[in-house]
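Notes to accompany the following structure.
The values are calculated or read from the model by the stated rules, or taken from the named source; none is laboratory data. The structure displayed is predicted, hence computed values, not measured ones. Note that we place each Cβ from the backbone using ideal geometry, even for glycine, and neighbour counts take in every protein chain shown.
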Amino acid sequence: MPHAQKTRTSHVLAVDDTPDNLFLIKAILGDEGYKVNVAKDGMDALDKIAQSPPDLILLDIMMPGMDGYEVTRRVRQNPALRYIPILLITAHEQSSVVEGLDAGADDFIRKPFDTDELLARVRSLLRLKHSIDDREKMSQQREDFVSRLTHDLRTPLVAADRMLHLFQEETFCPISPEMKDAIAAMIGSNQNLLQMVNTLLEVYRHEAGQKKLTFAPCDLGIVAQEIFQELHPLAQEKGIHLQMDVQPMANSLEKQEAIVLGDRLELRRVLTNLVGNAIKFTDTGFVKVRIFKDLKDPEYSTSQPSTNSTAWMVVEVEDTGSGISPEDQENLFKRFRKGKHKRADSGLGLYLSRCIVEGHGGTIHAQSTVGKGSLFTVHLPVTQA
């Protein structure tokens, strides 16, 4: 009688070089309602897995040509495959459980196996498989919903922004100064919400792999200068001094250049976010941007530098603001991790900045002391032509 837990037909691939063993496994699992395919060796198994990934692999270890350990490693190293549980089967006492588990197997059973034990292990691994699949499906559905929602939200927000500006410009009728102030506040709130929706949409594009970066030579010094011109009124209003220092590059003694190969729009988004945050959290003092070339790899980098890169372009954004607590620094670049500061926003801006920087093969890092200010450092690889 089929086990009551199975509500869907599970596909199992049995791999063994002995036909009798395959016949036995197919008979046992077939009686339980599983759909069983068989493979006679490692290469045959890899071909069948690539063509039609099963829900579970029962894999003999000792096979000619390619043993079960190697098959397991190749399955785990294939990025195109979703997670497939692997149950290793062997008749040899010397077979290494450690080697099998280190290769990526999930469980291990020896021949001659007890039928009830085999079925119990199969059920256990399939529960794990279906649980992971269901969780991934729910996650994908949630992300699709948020992506569609952000798309749909932009239309009324943009329309409201245009209408508010028409009211403010007295297009329809004269309005009082008090009404103009109220409309200005509404415009500001609407723009903040629109910016949040746009940021959320960009985050999901990056996470879904839908964001395509357009790489071209980009002068970070010019980008920073543009951002300074845009944000200067805000800094001036707060009495903050904006400073920029672009150090001369090698072979560019007559002209200060800070050129990387990157997506100008996305890198501009990163610098705007960092400089904007620095102004936002600074009440007195300065915000300073330094751009220079460095031949050393960043000490905090967790990824290997690009093989095409012989140097790094470094962007530092320093401020004399309120600083960031050690607890908040741990989650600074994580998704939806809002800081405890009263001015902290949704926590998406720095996460998106990290996605963009890492998409360029770079790194982003922060150092901060509460009450003394912060230093954000971005390393971007300089690709040689």
Report task. May I ask you to verify whether Leu164 is part of a helix (DSSP H, G or I), closer than 30 Å to Leu13 by Cβ and outside the structural domain of Ile28 (by TED's automatic domain parsing)? Result -> no
Report summary line: Among the residues of the stretch 269-312, the number that are among the polar types (S, T, N, Q), over 18 Å from Cys355 (Cα atoms) and modelled with pLDDT under 85 is 4
Query raised in the report: Of Ala120, Ala103, which residue is among the small types (Gly, Ala, Ser), surrounded by 15 or more Cβ atoms within 10 Å (Cβ to Cβ) and modelled with pLDDT of 85 or more?
Result: Ala103
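Residues that are under 34 Å from the mean Cα position of the chain (by Cα), within 18 Å of Leu24 (Cα to Cα) and not small (Gly, Ala, Ser): does the stretch 67-75 have at least one? Even if it seems obvious, please write down each step before you answer.
First pass over the stretch 67-75, keeping only residues under 34 Å from the mean Cα position of the chain (by Cα): 68-75.
If we keep only those that are within 18 Å of Leu24 (Cα to Cα) as well, we get none.
So far as the stretch 67-75 goes, no, none of its residues is under 34 Å from the mean Cα position of the chain (by Cα), within 18 Å of Leu24 (Cα to Cα) and not small (Gly, Ala, Ser).
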Report summary line: Residue count, the stretch 149-196, condition touching a helix residue (DSSP H, G or I) at 6+ places or on another chain (Cβ under 9 Å) and small (Gly, Ala, Ser), comes to 2
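Among the listed residues Glu170, Glu202, Glu178, which satisfies the condition of being of a type in the set (Asp, Glu), assigned to a helix (DSSP H, G or I) and surrounded by fewer than 12 Cβ atoms within 10 Å (Cβ to Cβ)?
Details: Glu170 fails: assigned to a helix (DSSP H, G or I); Glu202 fails: surrounded by fewer than 12 Cβ atoms within 10 Å (Cβ to Cβ).
After ruling out the rest, the residue left standing is Glu178.
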Requested in this report: Could you list, in sequence order, all residues of the stretch 70-114 that are in a strand (DSSP E or B) and hydroxyl-bearing (Ser, Thr, Tyr)?
Outcome: Thr90
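Can you name every residue in the stretch 163-191 that is of a type in the set (D, E, K, R) and over 23 Å from Leu234 (Cβ atoms)? Spell out the reasoning first.
Here is the first cut: in the stretch 163-191, the ones of a type in the set (D, E, K, R) are 169-170, 178, 180-181.
Across the stretch 163-191, the qualifying residues are Glu170, Glu178.
Of the residues Pro54, Pro85, Pro79, Pro64, which is out of contact with any strand residue (DSSP E or B) (no Cβ under 8 Å at 6 or more places or on another chain) and touching a residue at least 12 places away in the same chain (Cβ under 8 Å)? I'd like the intermediate steps shown before the answer.
Numbers: Pro54 fails: out of contact with any strand residue (DSSP E or B) (no Cβ under 8 Å at 6 or more places or on another chain); Pro85 fails: out of contact with any strand residue (DSSP E or B) (no Cβ under 8 Å at 6 or more places or on another chain); Pro79 fails: touching a residue at least 12 places away in the same chain (Cβ under 8 Å).
Answer to the selection: Pro64.
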